[in-house]
1. Scan the range 84-96 and tell me whether some residue there is under 15 Å from V130 (Cα atoms), in a strand (DSSP E or B), touching a strand residue (DSSP E or B) at 6+ places or on another chain (Cβ under 9 Å) and open to solvent by 30 Å² or more (accessible area, probe 1.4 Å).
2. Return only the number of the condition from (1) at positive phi; (2) loosely packed, with under 14 Cβ neighbours inside 10 Å that C146 does not satisfy.
3. Of the conditions (1) assigned to a loop (DSSP other than H, G, I, E, B); (2) open to solvent by less than 20 Å² (accessible area, probe 1.4 Å); (3) among the small types (G, A, S), G73 fails just one. Which one is it?
4. Please specify each residue of the range 58-70 satisfying the condition of being in a loop (DSSP other than H, G, I, E, B) and among the small types (G, A, S).
5. What are the pairs, 6+ residues apart or on separate chains, where a residue within the range 48-77 that is more than 14 Å from S38 (Cα to Cα) has its Cβ under 9 Å from a residue that is of a type in the set (K, R) and crowded, with 16+ Cβ neighbours inside 10 Å?
6. Of a type in the set (D, E), touching a residue at least 24 places away in the same chain (Cβ under 8 Å) and open to solvent by 40 Å² or more (accessible area, probe 1.4 Å): which single residue out of E17, E29 fits that description?
7. When only residues in the range 111-144 that are of a type in the set (D, E) and part of a loop (DSSP other than H, G, I, E, B) count, which is farthest from V42 (Cα to Cα)?
8. Taking the range 79-99, which residues are free of Cβ contacts under 8 Å to residues at least 60 places away in the same chain and more than 14 Å from L123 (Cβ to Cβ)?
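The values are calculated or read from the model by the stated rules, or taken from the named source; none is laboratory data. What you are looking at is a predicted structure, and each value in this text was computed from that prediction instead of being measured. Every residue, glycine among them, receives a Cβ derived from its backbone with ideal geometry; neighbour counts consider all protein chains shown. With ligands, DNA and RNA removed, areas are computed over all heavy atoms of the protein, side chains included. Shrake-Rupley method; radii C 1.70, N 1.55, O 1.52, S 1.80 Å.
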Amino acid sequence: MDDIRTGNGYDVHALAEGLPLFLGGVRIESPVGCVAHSDGDVAIHALCDALLGCLALGDIGKHFPDSSDEFRGIDSKILLARTVGMIAERGWRVGNVDITIALQKPRIGSYVPAMRSTLAAILGVEEDRVSVKATTTEKLGFVGRCEGCEVWANALICK
């Protein structure tokens, strides 16, 4: 039996007009985007935290601090690839991931297949090992008021 580890991640970003919106490595057509030091891909940020958590390596801010000019505006897919590299350096591989994105607007369900494909390629797994789900908060809370986006991610890694 393989040795396995699990981790979870959570991230949230405020939304603002005129910024690009990236989720799961895919550009979403939207009048608003995430406010962030990087490209603001809140889904990838939560996923990085989940993967790092599998091996108790801290969080995304420890490895890719928002105080560093190196990461200003960086494509979050690069951060994810580096995170996967950290896992691989320690002899582990991704088993599967499960991501839930809470966003009131825009509706993102039609982008889910592209997100799964993009993430699977970076993670080095088949698409059926990448789950991405989109939901609203039924107009409740900051997500429901279209003020922000929040994401939960779970990851399993194997040795």
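1. yes
2. Of (1) at positive phi; (2) loosely packed, with under 14 Cβ neighbours inside 10 Å, only one is false for C146: (2).
3. The number of the failed condition is (2).
4. Listed by number, the residues that qualify are G58, S67, S68.
5. Qualifying pairs under 9 Å: G53/R5; C54/R5; L55/R5; A56/R5.
6. The unique qualifying residue is E29.
7. Per the stated criteria, the residue is E126.
8. E89, R90
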